[in-house]
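Novice: Have a look at this one.
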Amino acid sequence: MTSAAQSRTTPRSVALDAEQKRALRNLRLRRASIYALAILIAVWILAPIWLIATMAFSTQADVYAYPKQVVPVPFTTATMDFFLNYAGILDATLNSVIVAVLTLVFSTTIAVPAGYAVSRYLFPGRNSYRLVILAVRAFPIVILAVPLAVTFLQWGLYDKVYSVALMHTALTLPTTILVVSSVFASVPVEFEEAARVFGASPLRAFVRVVLPLVLPGIAASAIFTFVMSWNEVFAATLLTVRNRTLPALILYTLNKSSLQFQYAGGFFMLVPSMIFIFFIRRYLFNMWGQITK
Amino acid sequence: MAKRKFNIAPYLLILPSFIYLVLFFAWPMGRSLQLAFQKDAEILPVRTAVGDDMDVVGYLPMQIEVAITDRERSEETLPNGRTRPVYWFKIAGESEEGEQVEGWVNQKYLQVQSRTESTSARVVSGEGTQEWTLDYVKRMVNDHNFMDALTTTLILLVLILPIQFALAITMALVLQARLKGSTIFLYIYAIPLGISDLAAGLVWVNIFTQHGFLNTFLQRLGIIDSPYIFLSAENKHWMIVAIVLAEVWRATSIVMVIVVSGLQSIPDEYLEAGQLFGASLWQRLRHIILPLLRPSLQVALILRTILAFQVFAVVVALTGGRVITVLAYETYRWYDPGDSGFNNPHVAAAYAGFIMLISLVFSVVYLRTVRTQEQGAST
C-alpha cells in the first residue's frame, strides 16, 4: 500500500529514475490497451445497429445493391415510409403501445405495494414470498403462453389487446416487484420514522417523504417493464390473430416479407428501446444487482 | 425492518401480487400439465335404475358389445307438446378394468337393431371426461423434428454460453477500470438489454444475407470473389454461427450487468492486496475475482440457460425456422393455427413442459455443483 501511495504522491518536478519511467510507461500502455478493448467492444455492439440503420435510410435500389455501402447515401426515408405504410403496421404499433402501457400500469400498480411490504416489513413468510418471486422470475414464458392462449380462447379473451397485457404482466411482475423493493430499500426507514415523530400519519409520511425519493427509481422500473413488453414476441404471437402487436406481426409476415420491410421493421423496433435504455441507464445496475441476491 | 409486532399490513400489500400470480402463473402452469397429459375421452355411466339422476353403478368404455337384459319404455314430452317413446335398457358389459357392470342406460348412448327385440347393443357415446395419457408426449418424442430441435438447442447453449461469459466478464472488467468516458461505454454496453430477439435476428440477417455486409467486407478484403450464401439449407453450420453471433451480441449485456454488480460487492482491498503482491491480471482474475464472483456467475448461468432454452425469434428471423429448428419454435409450430402449424395445443403443451423440465434439471445441476464445490473448499 505504502509504495503505491508514495509513487502516486511523487511530485512531478522530481526526476523519475529509470525504474519509475518504465513503470509509468507500462501503466500508460495498459491504459491504452484497455481503451482499445473498450472501443472494440463498443464497435461490436454499435456496428450492427449502424448497418441496419443504413439500410433503413437507403433507397430501395441500395437495399438490394451489392456490394453494400456503409453510409446511407443518398439518404432517404422511402424505405421507412414503405414499412410504416404497409398494411396493418400502424395498427400493430398502436396495439404494441397499448399493450406495453397497460402492462406498465398493471405491473407497477401491483408491484409497488408488494415491493414496499418486502422492503419495510419483517413478516413470517417474507422469505418464502421472495423465493417464490425469484423462482417465478426465472420461469420460461414459453410454458405459460400455450395454456394461457387455450384458456383465453375458452374465456373469450383470445385475440384481445388486453389479454396480451395480462400475459405480459405475469412475465414482468416478479422483476418489477424485486426492483421496486430494492428502490424502497435504498430509502432509509429513519426518514419515514422522523416524519412520523413530527406527527405525520403513516400515509402522509409515505406520500410526502418516501414517494418523492423513490419516484425516479420506480419510473425507471416502469420504463423497463414497457421495454420488456414492447419486445416480447412469443406470447404475443400465440395470443393474437387479427389484433397483432408489432413484433407478432413482423414475425408472422417474415416468410413473405421483403428485405426492405425486415430492415425497416428491425430498426423501427430498436429505436424506442435504445432511447428508453438511455434514460434508465443509471438504474440498470441497481435493478439487476438486487435480482442476483 | 423496524416493525416487529404482528401486523396484517404486509400481507394485504402482497395480496394483489399473490392473487395475480396464482391466476396468471400457477393456474396456467397446472393447465399446461393437464393439456400435455390429459385427453378428452368418452365413457358411459351405467345407473342403478331408470332416470338421469340415479346413482351410477359403473362406467363402460366406448365401442363394446353389451348384453341387453331388460328394457323399459317411457314417454318424453317434446317442447312442442307432443310426446315420443324413450327406451331405457338394462345392459351388462365389461368395464375397462375388467369388471362386470350391469345397470340402466338411456337408448341414446347405444346402437341397437331393434329397440323391442335385440338382446345386444353397441356403446356408441357417453359423457365427456378426461383421461390421463402419454399420447401427446409420445407424439412429441416421435416427431422427426424433436431430436433436431433438442440437439440444436443444446448445441447453441454449449456454443453461446462460454463466449458470452468470457465477453461479459471482459466488458465488466473494462467498465471496472473506470476509464475516462466510462459512462458512455456503460450506456453502449447496456443497449442490447433493450433489444428484442426478433430485432436482433433482423439486424444479423442484414449482415449474413447473400447481398449483405459480411459478403461485402469479405470481398473487399479479397477473401472471396463472389457473394457466398451463408444462410442456406446446405450451410446449416453457417446458420448456427449466425445465430450464435446474434445471441452473443444481444444477450451478453444481461450477464455483464450481473457481473458488474457482483464486482461492485468485492471490496477494493482484496484487489489492491493482489496487486500489491505482484499478482498478474490473470492471477488476480483466477484466484481473487472469479471465486468471489461465483454467486453472481451462478445466477447469470441459470438465467442464461433458461433463456437459451427459449431461443426463438432470432432463429426464425435468420433461418425461417424450418432448416434449423429449436424447442421453442416447435412449441410455436404445434400451437399455431396458421398455415405452417399443426394446431395441436396438447403437443405444444408437451413441448412447453419439456422445456420447463430441462430448465429445472439444469438449474438444479448448477446449484448442486456449486454447493459441493463450496463444501469441498470449506473442509
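Novice: Scan around B:Val86 for amide H atoms under 5 Å from its own, H built in the peptide plane at 1.01 Å from N, and keep only partners 5 or more places away or cross-chain.
Specialist: The answer is B:Ser74, B:Glu75, B:Glu76.
Novice: Would you count, across chain B, every pair of lysines whose alpha carbons are under 30 angstrom apart, provided the pair is eight or more residues apart or spans two chains?
Specialist: Number of lysine pairs found: 5.
Novice: Continuing with the same structure: Mean Kyte-Doolittle of at least 0.5 and a Cα length of 30 Å or more along the axis: which whole DSSP H helices of chain A meet both? Walk me through the intermediate numbers first.
Specialist: Values: long enough: A:18-56 (56 Å, 0.84); A:89-120 (45 Å, 1.43); A:161-185 (34 Å, 1.58); A:259-291 (41 Å, 0.93).
Helices meeting the span and hydropathy rule in chain A are A:18-56, A:89-120, A:161-185, A:259-291.
Novice: Still on this structure, I have one more. Provide B:Asp268, B:Asp143 ordered by accessible surface of protein heavy atoms (probe 1.4 Å), highest first. Before the final figure, lay out each step's value.
Specialist: Numbers: B:Asp268 80, B:Asp143 25 Å².
Reading off the accessible areas and sorting them downward yields B:Asp268, B:Asp143.
Novice: Okay, moving on. Report, in deg cm²/dmol and to the nearest 500, the calculated mean residue ellipticity at 222 nm for chain A, where each DSSP H run with n ≥ 4 adds -39500 (n - 2.57) and the sum is divided by the residue count. Please list the in-between numbers first.
Specialist: Details: 14 runs with 223 residues, N = 293.
Computed mean residue ellipticity for chain A: -25000 deg cm²/dmol.
Novice: Using only the alpha-carbon atoms, how far is helix B:27-37 inclined from the longest principal axis of chain B? Give it as 0 to 90 degrees, nearest 10.
Specialist: Relative to chain B, helix B:27-37 is tipped by roughly 70 degrees.
Novice: If you don't mind, another one. Averaged over B:19-29, how many beta carbons belonging to a partner chain fall within 10 Å of each residue's beta carbon?
Specialist: Details: counts 1, 9, 10, 0, 2, 10, 10, 2, 4, 12, 5.
That average works out to 6.
Novice: Rounded to the nearest 20 debye, what is the charge dipole size of the protein assembly as shown about its Cα centre when +1 sits on each Lys and Arg Cβ and -1 on each Asp and Glu Cβ?
Specialist: On the way: 52 positive and 42 negative charges, 714 e Å.
Here the protein assembly as shown has a charge dipole of around 3420 debye.
Novice: How large, in percent, is the carbon and sulfur part of the accessible surface of region A:121-184 at a probe radius of 1.4 Å? Don't jump to the answer; show the numbers that get you there.
Specialist: Values: 1250 of 1870 Å².
That share works out to 67 percent.
Novice: Using modelled backbone amide H atoms (1.01 Å from N, in-plane), which distant-in-sequence or interchain residues come within less than 5 Å of B:Leu110's amide H?
Specialist: B:Val124
Novice: Something else: Averaged over A:173-180, how many beta carbons belonging to a partner chain fall within 10 Å of each residue's beta carbon? Mind dumping the intermediate values first?
Specialist: On the way: counts 6, 3, 0, 1, 3, 0, 0, 0.
Averaged over the peptide's residues, the number is 2.
Novice: Using per-residue counts of other Cβ atoms within 10 Å, averaged over each peptide, order B:77-86, A:260-269, A:126-135 from highest down.
Specialist: Numbers: B:77-86: 8.5, A:260-269: 24.5, A:126-135: 14.7.
Going from most to least packed, we get A:260-269, A:126-135, B:77-86.
Novice: Show the residues, 5+ positions off or on another chain, whose built amide H is closer than 5 Å to the amide H of B:Leu60.
Specialist: B:Leu44, B:Val46
Novice: How big is the dipole moment of chain B about its Cα centre under a simple scheme where the beta carbon of each Lys and Arg is +1, that of each Asp and Glu is -1, and everything else is neutral? Debye, nearest 20, please.
Specialist: On the way: 29 positive and 32 negative charges, 384 e Å.
About 1840 debye.
Novice: Same structure again: For peptide A:237-247, how many partner chain Cβ atoms fall within 10 Å of a residue's Cβ, on average?
Specialist: Values: counts 8, 7, 0, 0, 2, 0, 0, 0, 0, 2, 5.
Rounded to a whole number, the mean comes out at 2.
Novice: I would also like to ask the following. Considering Cα pairs under 8 angstrom that are at least six residues apart, work out the relative contact order of chain B and quote it in whole percent.
Specialist: Working: 503 pairs, mean separation 62.6, N = 379.
Taking the mean separation of contacting Cα pairs over the length of chain B, I get 17 percent.
Novice: Could you grab the relative contact order for region A:152-265? Cα pairs under 8 Å, six or more apart, rounded to a whole percent. Spell out each step's value before the answer.
Specialist: Working: 74 pairs, mean separation 38.7, N = 114.
It rounds to 34 percent for region A:152-265.
Novice: Please name whichever of A:Ala205, B:Val361, B:Thr325 sits farthest to the positive end of the charge dipole of the protein assembly as shown, dipole taken about the Cα centre and charges placed at Cβ: Lys and Arg +1, Asp and Glu -1.
Specialist: A:Ala205
The values are calculated or read from the model by the stated rules, or taken from the named source; none is laboratory data. Everything quoted here is computed from the prediction, not taken from an experiment. Using ideal geometry, Cβ is built from the backbone for each residue, glycine included, and neighbour counts are taken over all protein chains shown. These accessible areas exclude ligands, DNA and RNA; they are computed on the full protein's heavy atoms, side chains included. Shrake-Rupley method; radii C 1.70, N 1.55, O 1.52, S 1.80 Å.
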